[in-house]
Amino acid sequence: GENVEQHPSTLSVQEGDSAVIKCTYSDSASNYFPWYKQELGKGPQLIIDIRSNVGEKKDQRIAVTLNKTAKHFSLHITETQPEDSAVYFCAARKGGFKTIFGAGTRLFVKA
Amino acid sequence: KAGVTQTPRYLIKTRGQQVTLSCSPISGHRSVSWYQQTPGQGLQFLFEYFSETQRNKGNFPGRFSGRQFSNSRSEMNVSTLELGDSALYLCASSLVSQGANTEAFFGQGTRLTVV
């Protein structure tokens, strides 16, 4: 069945460094890839998304890249800040079907 | 613009009981999806409703059911509760059905504890 693998499960970086989270999806028909940030006690918040007709998208300090051939997509956070500490989820979806989430990455940004 | 509202925020129920959770989507959004979040299983899709019809369903037993009303508000029901049903239940709303790949926005969830 459909599957999304996410790595690493835990990531610890120094404030100001970059953080990269990688995901691989199994269904080549997937065409929409959102990323969510979840802080303690809150629901996931959409932070950026990318569609399959685009290879890269950037929004201030965050960017997402997509490699359709390899079925990989990645989240890049530059100049990390303590408030970036949270759990990040990648997801994949194809039109008309359910969204499949990765297992999550717990990011710690040390001041 | 108000976000997705889930009620109640917290619930404690006893094994064998049933529970109903409510979700009010963002105004104008017609699609509501439900997810179960647990530490061991992550975010698991339960079902999606659009225009009062269930459009997609995850791999959960029949004890889990839902419905959507004409105003797009949705409820999910879990009958004969088991200890393993303890989880954070999240709903997400989007403008149209997931088939159109529009952004989905989550509520804060309902934390269900079964004792």
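How many residues does the range A:1-15 contain that are within 12 Å of chain B (Cβ to nearest Cβ) and either β-branched (Val, Ile, Thr) or within 10 Å of A:Ala92 (Cβ to Cβ) (or both)? So the answer is 3.
One line per residue, one yes/no per condition, for (1) under 10 Å from the mean Cα position of the chain (by Cα); (2) assigned to a strand (DSSP E or B):
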site: A:Val13; (1), (2): no, yes
site: A:Val20; (1), (2): yes, yes
site: A:Cys23; (1), (2): yes, yes
site: A:Ala29; (1), (2): no, no
site: A:Gly43; (1), (2): no, no
site: A:Val54; (1), (2): no, no
site: A:Thr69; (1), (2): no, no
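Exactly one residue out of B:Arg67, B:Arg73, B:Arg63 is more than 12 Å from every other protein chain (Cβ to nearest Cβ), closer than 23 Å to A:Arg93 by Cα, modelled with pLDDT of 95 or more and in contact with a Ser or Thr (Cβ under 9 Å, 6 or more places away or on another chain), and it is B:Arg67.
Return a yes/no flag: does the range B:36-44 have any residue that is out of contact with any helix residue (DSSP H, G or I) (no Cβ under 7 Å at 6 or more places or on another chain), buried (at least 22 other Cβ atoms within 10 Å of the Cβ), assigned to a loop (DSSP other than H, G, I, E, B) and not polar (S, T, N, Q). Checked against the condition, which is being out of contact with any helix residue (DSSP H, G or I) (no Cβ under 7 Å at 6 or more places or on another chain), buried (at least 22 other Cβ atoms within 10 Å of the Cβ), assigned to a loop (DSSP other than H, G, I, E, B) and not polar (S, T, N, Q), the range B:36-44 yields no hits at all. Screening A:Thr105 with (1) within 14 Å of chain B (Cβ to nearest Cβ); (2) out of contact with any Phe, Trp or Tyr (no Cβ under 7 Å at 6 or more places or on another chain); (3) more than 17 Å from B:Phe106 (Cβ to Cβ); (4) touching a residue at least 40 places away in the same chain (Cβ under 8 Å) gives one miss only, at (2).
Checked against (1) loosely packed, with under 15 Cβ neighbours inside 10 Å; (2) within 14 Å of another protein chain (Cβ to nearest Cβ), B:Ile12 passes all but a single condition, namely (2). Which of the residues belonging to the range A:16-32 are more than 10 Å from chain B (Cβ to nearest Cβ) and not hydroxyl-bearing (Ser, Thr, Tyr)? Result: A:Gly16, A:Asp17, A:Ala19, A:Val20, A:Ile21, A:Lys22, A:Cys23, A:Asp27, A:Ala29.
Looking across the range A:47-64, just one residue is at the interface with chain B (Cβ under 9 Å from one of its Cβ atoms) and surrounded by fewer than 16 Cβ atoms within 10 Å (Cβ to Cβ), and that is A:Arg51. Here the range A:31-40 is the region considered, the condition is being under 10 Å from the mean Cα position of the chain (by Cα) and not hydroxyl-bearing (Ser, Thr, Tyr), and the residue that is nearest to A:Lys68 (Cα to Cα) is A:Phe33. The set of residues in the range A:28-83 that are within 24 Å of B:Gly107 (Cα to Cα) and of a type in the set (D, E, K, R) comprises A:Lys37, A:Glu39, A:Lys42, A:Asp49, A:Arg51, A:Asp59, A:Glu83. Regarding B:Gly28, is this residue in contact (Cβ under 8 Å) with a residue 60 or more places away in the chain, surrounded by fewer than 15 Cβ atoms within 10 Å (Cβ to Cβ) and out of contact with any strand residue (DSSP E or B) (no Cβ under 7 Å at 6 or more places or on another chain)? Criteria met by B:Gly28.
The values are calculated or read from the model by the stated rules, or taken from the named source; none is laboratory data. Quantities reported herein were computed from a predicted structural model and do not represent experimental measurements. Cβ atoms come from the backbone with ideal geometry, glycine included; neighbour counts cover every protein chain shown.
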